[in-house]
Amino acid sequence: MAERVLMKGNEAIAEAAIRAGCRHYFGYPITPQTEIAAYMAKKMPKIGGVFLQAESEIASINMVYGAAAAGMRVMTSSSSPGISLKAEGLSYIAGSDVPAFVVNVQRGGPGLGGIQPSQSDYFQATKGGGHGDYRMIVLAPASVQEMASLTIKGFNLADKYRMTSMILADGTIGQMMEPISFEDAEIETYEKPWALTGTEGKRPHNIVNSLYLQPDQLEKTNFERYERYKIVEENEPMWEEYMMEDAEICVVAFGIASRVAKNAVVAARNEGIKVGLIRPITLWPFPTKPLAAAADKVKSFISVELNMGQMIEDVRLATGCKRPVTLCNRTGGMIPSPEQVLESIRNAQKGE
Amino acid sequence: MKTTQILIAGFGGQGVLFAGKFLAYKGLVQDKQVSWLPSYGPEMRGGTANCSVILSDSPVGSPIITVPDVLVAMNLPSLQKFVDSVAPGGKIFIDSTLIDAKVERADVEVFYIPATQMAKDAGFSTLANMILMGKVMKECDAVAFDGNKETLESFIPAKKAALIDMNCQALQAGYDF
């Protein structure tokens, strides 16, 4: 077994990114993800990489765009308000079909909000954020180990599908320390014949661009891009099922909310309530299959979220509204207690 | 299967986060499942700091502690804030140099340790936190006391290695109290 080390979630992302071959980090500091930048600032110069604190979030995402166009493994990280600033760049990156890796360690919003943990950027991450028709692969770690493993996965998927993959974490998982090991790091490499690496006079120029003034041309790029998205939806959904075999109530939660929910599921089982948990690991593509299957077995669903109810809409879509879905939530930087989730489970059991 | 949820709370600068980190590393070295969660942001900037450490034989669920088994209080506001949340049968460790108050609950075990005074007298005035950790390790069987030096060496940077012996002495002083 590889050696276990204690690391903060944010540091685990940074270390995993370096192991995944990322040598370019562009960012701008913001709580609660600054440890990522700090780690990169310390490590990148020692391994021949680039750490650059840009003058703004907007500058940093455009530096990512540039390095990605040159075929580099590149990343940026921020927290909620900073991701809003990066939204324009994310749209351009999508429109140009270059791979990028972006981390959002969420804090409470809207506006400048607070700095305590939140999941209220679910819509922004999974439904757009920037303008135009596009998708990002959205990965939701629930432990420090997953902060590392999903970072490596994120780089692989970004290169594989030529799109952005985003880690959607929160302040708690960013700040907490847990033991992790890097034994599973499986780095995939992909040819990038489209990259701007210099023609050496031997081939035609590559062009990276998101401007198509002819509508039929623009439509064609969108159609082609969505063909690729279809493959992602088919092949890449990830989720965890916990005590679902005989469950009559299904709790759905991701990230830190799933950790709290798991405690509540165990407590409810001790009271004899047949309840299980489905934890989406990819938020896009959303794991619709296990939820659709659960809808044929369980009486009801509970969506546990650190927001006003965002993933709940995808749960309703995935289950075709066959069963009632209720919300158990806190927001603004607050986290539901296991007792609150347990109470929701008890209410669901009573059919309320 | 044993799980111990430890909440350490005090002012910023008292070494609350470091004390928690030490326990987490003890757990790591002893092959436990562990989590360490600090308070951050406005709480810390307001002067109070706390951290949640979970040591377990099975995978840790939520890293957020709402009902601690063990509370270490290094100032009065922290004691007042968390005293009622401690699990019945739980243990409370109080730096009695800094906290005058007594705990009025009968369903918890309370240890009053004049840690700040002890640290001052022993010539390591900043190590009241580690004196308290020594006592915690003695009274709770969450982690074994052996091997403190090796644990400290595993995460204290080389330039601060000179402080390791003093930390061990502080732990011992708490253990012997």
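Whether a residue is buried (at least 23 other Cβ atoms within 10 Å of the Cβ), outside the structural domain of residue A:286 (by TED's automatic domain parsing), more than 15 Å from the chain's Cα centre (by Cα) and closer than 22 Å to residue A:10 by Cα was assessed, and residue A:98 does not pass this test.
Taken together, A:151, A:126 contain a single residue that is closer than 30 Å to residue B:26 by Cα and not assigned by TED's automatic domain parsing to the domain that holds residue A:303, which is A:151.
So, of the residues in the stretch A:289-328 that are of a type in the set (A, V, I, L, M) and within 18 Å of the chain's Cα centre (by Cα), which turns out to be surrounded by the fewest Cβ atoms within 10 Å (Cβ to Cβ)?
Step one: filter the stretch A:289-328 for residues of a type in the set (A, V, I, L, M), giving A:291-295, A:298, A:302, A:304, A:306, A:308, A:311-312, A:315, A:317-318, A:325, A:327.
From the residues that got through so far, the ones that are within 18 Å of the chain's Cα centre (by Cα) too are A:304, A:306, A:311-312, A:315.
Details: A:304: 27, A:306: 30, A:311: 25, A:312: 22, A:315: 26.
Selected residue: A:312.
Residues in the stretch A:333-348 that are within 17 Å of residue A:255 (Cβ to Cβ) and open to solvent by 50 Å² or more (accessible area, probe 1.4 Å) were compared, and the one that is modelled with the lowest pLDDT is A:334.
Is it true that residue B:31 is without any contact (Cβ under 8 Å) to a residue 12 or more places away in the chain and either closer than 28 Å to residue A:108 by Cα or not hydroxyl-bearing (Ser, Thr, Tyr) (or both)?
Details: without any contact (Cβ under 8 Å) to a residue 12 or more places away in the chain: yes; either closer than 28 Å to residue A:108 by Cα or not hydroxyl-bearing (Ser, Thr, Tyr) (or both): yes.
Taking the combined requirement at face value, the residue satisfies it.
Taking the numbered list (1) farther than 20 Å from residue A:283 by Cα; (2) open to solvent by less than 50 Å² (accessible area, probe 1.4 Å); (3) more than 14 Å from chain B (Cβ to nearest Cβ) in turn, residue A:351 passes all entries but (2). Being within 22 Å of residue B:170 (Cα to Cα), in contact (Cβ under 8 Å) with a residue 24 or more places away in the chain and aromatic (Phe, Trp, Tyr) holds for only one residue in B:111, B:82, and it is B:111. Restricting to the stretch A:158-178, what's the tally of residues that are open to solvent by 10 Å² or more (accessible area, probe 1.4 Å) and closer than 22 Å to residue A:231 by Cα? Counting residues in the stretch A:158-178 that are open to solvent by 10 Å² or more (accessible area, probe 1.4 Å) and closer than 22 Å to residue A:231 by Cα gives 4. Every test in (1) in contact with a Leu (Cβ under 7 Å, 6 or more places away or on another chain); (2) closer than 27 Å to residue A:193 by Cβ; (3) of a type outside the set (S, T, N, Q) is passed by residue A:57 save one, and that test is (2). Pull up the stretch A:188-211, narrow it to residues that are closer than 24 Å to residue A:21 by Cα and acidic (Asp, Glu), then point me to the one that is least open to solvent (accessible area, probe 1.4 Å). Looking at residues that are closer than 24 Å to residue A:21 by Cα and acidic (Asp, Glu), I get A:188. Checking the stretch A:212-229 against the condition returns no match, with no residue being assigned to a strand (DSSP E or B), away from chain B (no Cβ under 14 Å) and open to solvent by 50 Å² or more (accessible area, probe 1.4 Å).
Of the residues screened, residue A:201 is not one that is modelled with pLDDT under 95 and closer than 25 Å to residue A:228 by Cα. Could you tell me whether the stretch B:147-161 includes any residue that is open to solvent by 10 Å² or more (accessible area, probe 1.4 Å), touching a residue at least 60 places away in the same chain (Cβ under 8 Å) and among the small types (Gly, Ala, Ser)? Yes, that holds for at least one residue. Counting the residues of the stretch A:244-268 that are within 13 Å of chain B (Cβ to nearest Cβ) and open to solvent by 10 Å² or more (accessible area, probe 1.4 Å) gives 5.
Here B:88, B:42 are screened, and the one residue that is surrounded by fewer than 20 Cβ atoms within 10 Å (Cβ to Cβ) and modelled with pLDDT of 95 or more is B:88.
For beta carbons closer than 9 Å, sequence separation of 6+ or different chains, a first residue in the stretch A:190-214 that is over 30 Å from residue A:152 (Cβ atoms) and a second that is of a type in the set (Lys, Arg) and not in a loop (DSSP other than H, G, I, E, B), the qualifying pairs are A:212/A:220. Just one of the listed residues (B:70, B:83) is open to solvent by 20 Å² or more (accessible area, probe 1.4 Å) and within 16 Å of the chain's Cα centre (by Cα), and it is B:83. Exactly one residue out of A:35, A:88, A:11, A:3 is assigned to a loop (DSSP other than H, G, I, E, B) and either open to solvent by 10 Å² or more (accessible area, probe 1.4 Å) or in contact with a Ser or Thr (Cβ under 8 Å, 6 or more places away or on another chain) (or both): that is A:3.
Sub-8 Å Cβ pairs linking a first residue in the stretch A:242-267 that is assigned by TED's automatic domain parsing to the domain that holds residue A:305 to a second residue that is of a type in the set (Asp, Glu) and in a helix (DSSP H, G or I), at least 6 apart or interchain, are A:264/A:339, ordered by first then second residue.
Among the conditions (1) under 18 Å from residue A:255 (Cβ atoms); (2) assigned to a helix (DSSP H, G or I), residue A:115 misses just one, which is (2). Taken as a whole, the condition of being open to solvent by 30 Å² or more (accessible area, probe 1.4 Å), farther than 16 Å from residue A:77 by Cβ and assigned to a loop (DSSP other than H, G, I, E, B) does not apply to residue A:130. Restrict the check to the stretch A:75-84 and report whether at least one residue is touching a Cys at 6+ places or on another chain (Cβ under 8 Å) and within 16 Å of residue A:151 (Cα to Cα). Checked against the condition, which is being touching a Cys at 6+ places or on another chain (Cβ under 8 Å) and within 16 Å of residue A:151 (Cα to Cα), the stretch A:75-84 yields at least one hit.
Do any helices (runs of 4 or more DSSP H) lying entirely in the stretch B:87-168 carry at least 3 residues that are within 19 Å of residue B:14 (Cα to Cα), and which ones are they?
Numbers: elements: B:115-122, B:128-139, B:148-155.
Hits in the stretch B:87-168: B:115-122, B:128-139.
The values are calculated or read from the model by the stated rules, or taken from the named source; none is laboratory data. This structure is a prediction, so every number in the text was calculated from the model and none was measured. All Cβ positions, glycine included, derive from the backbone under ideal geometry; neighbour counts span all protein chains shown. Keep in mind that these areas ignore ligands, DNA and RNA; they rest on the heavy atoms of the full protein, side chains included. Shrake-Rupley method; radii C 1.70, N 1.55, O 1.52, S 1.80 Å.
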